[in-house]
Amino acid sequence: MRRWPWITTLLAAITFLNPLGLDFLHGAFLAGEQLSRNIAQPFVFMAMLILVALGTFEWWFKRWLRQRRAKRAS
């Protein structure tokens with residue numbers, strides 16, 4: 001079974017699938033005004049970058065813990 005960063009995935013869903021998050025996504029990509037898109041896109045991209053970094057860290061940490069436990073078991 002592959003391990004995936006489920007905590008970060010849950011945090012991303014909570015972040016983007018609430019009314020405020022959906023409003024930011026709409027403002028960043030679907031708004032009719034260029035000004036709204038220019039203001040909201042950097043915030044959305046920064047949030048995505050932070051979530052990717054958290055997911056990478058979570059994956060690395062879980063992998064490190066598995067290796068550490070395997071060394072102790074053998």
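I'd like to know if segment 24-37 contains one or more residues that are within 21 Å of T8 (Cβ to Cβ) and touching a residue at least 40 places away in the same chain (Cβ under 8 Å). First the steps, then the outcome.
Residues of segment 24-37 within 21 Å of T8 (Cβ to Cβ): 24-25, 28.
So of that shortlist, the ones also touching a residue at least 40 places away in the same chain (Cβ under 8 Å) come out as none.
There is no residue in segment 24-37 that is within 21 Å of T8 (Cβ to Cβ) and touching a residue at least 40 places away in the same chain (Cβ under 8 Å).
Could you please let me know if R3 is in contact (Cβ under 8 Å) with a residue 40 or more places away in the chain, surrounded by fewer than 13 Cβ atoms within 10 Å (Cβ to Cβ) and not in a helix (DSSP H, G or I)?
Criteria met by R3.
Every number in this text was worked out from the coordinates using simple rules, so none of it is lab data. Keep in mind that what you see is a predicted model, and the values were worked out from it rather than measured. Cβ sites come from the backbone with ideal geometry, for glycine too, and all protein chains shown count toward neighbours.
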